[in-house]
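Enquirer: First, the structure itself, so that you have it in front of you.
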Amino acid sequence: MPAHGRHGSRWTVRQPDGEAHFTGVAKWEIRPGGGRLLSSTLFGEGVAGGEPVLCPKPGRENVSDAVWILTWVYDAHSNVSALVVLDGEVRDAALPELARLRVADGVRVPFGFHGHWMPEPELLEHVVTHSLDSHK
C-alpha cells in the first residue's frame, strides 16, 4: 500500500506465509531507527481481501493517518463479495469497520480488481489532461 501523509503512519496488508491472499490490514508507525505495529485488523476465517486503497478524509489531508481504507473482501463461506471501509486513524486497537457494502449473492469481485498506482507527477498530468474542463 502506498504511504500517505507527512508523518510516520504506514499501512500494509497481512499475508500469512505461503498464502496467496491477504487476510487483513496492519498500521505501522515508521520512525528513523525503527517502528512499531499500531493497529491491525483481520478479515475473519475464510475471508480474503484485495489490495486496499487509502482515501484521505476531506479537510484533513495534512494528518498522516486521517484516511479511510477501502478494500474488497470475499467470504468463501457465504460466496459473497463486499467493499469494506475501515477507519485508518485508530491506534492501539483493531481498525474499526465503518461500512460493508455487499454485492448481490453469488457475485464475486475478483482479487485482481485493485488500485492503480502511479507517481504523483504522472497522476497530476493525467488529471489535467483528462479533466472535464479540458473537453469544453
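Enquirer: So what J values fall out for region 22-36 if you push phi through Karplus, 6.51 cos²θ - 1.76 cosθ + 1.60 with θ = phi - 60°, rounded to Hz, Gly and Pro as x?
Expert: Running phi through 6.51 cos²θ - 1.76 cosθ + 1.60 with θ = phi - 60° gives 8, 10, x, 10, 10, 10, 10, 9, 10, 9, x, x, x, x, 8 Hz.
Enquirer: With a ≥ b ≥ c the root eigenvalues of the C-alpha gyration tensor of region 35-96, is it rounded (a/c under 1.5), prolate (a/b larger than b/c) or oblate?
Expert: oblate
Enquirer: Which ³J(HN,Hα) values in Hz, rounded to whole numbers, follow from the phi angles of region 91-96 under the Karplus curve 6.51 cos²θ - 1.76 cosθ + 1.60, where θ = phi - 60° and Gly and Pro get x?
Expert: So the Karplus estimates, Gly and Pro as x, are 10, 6, 7, 5, 5, x Hz.
Enquirer: Then there is this: How much net charge surrounds Trp72 when only other residues with a Cβ under 10 Å from its Cβ are counted (Lys, Arg +1; Asp, Glu -1)?
Expert: 0
Enquirer: Quick one: Karplus J couplings for region 43-57, per residue in order, coefficients 6.51, -1.76, 1.60, θ = phi - 60°, nearest Hz, x for Gly and Pro?
Expert: Calculated HN-Hα couplings, in order: 6, x, 4, x, 10, 10, x, x, 6, x, 10, 8, 10, x, 6 Hz.
Enquirer: For Lys57, which sequence-distant residues (separation of 5 or more, or a different chain) have an amide H within less than 5 Å of its own amide H, given hydrogens modelled in the peptide plane?
Expert: Those lying under 5 Å, H to H, from Lys57 are Val67, Trp68.
None of the figures in this text is laboratory data; all of them are computed from the coordinates on show. Just so it is clear, the model here is predicted, and its values are computed rather than measured. Don't worry about glycine lacking a Cβ; one is built from the backbone with ideal geometry, like all the others, and counts go over all protein chains shown.
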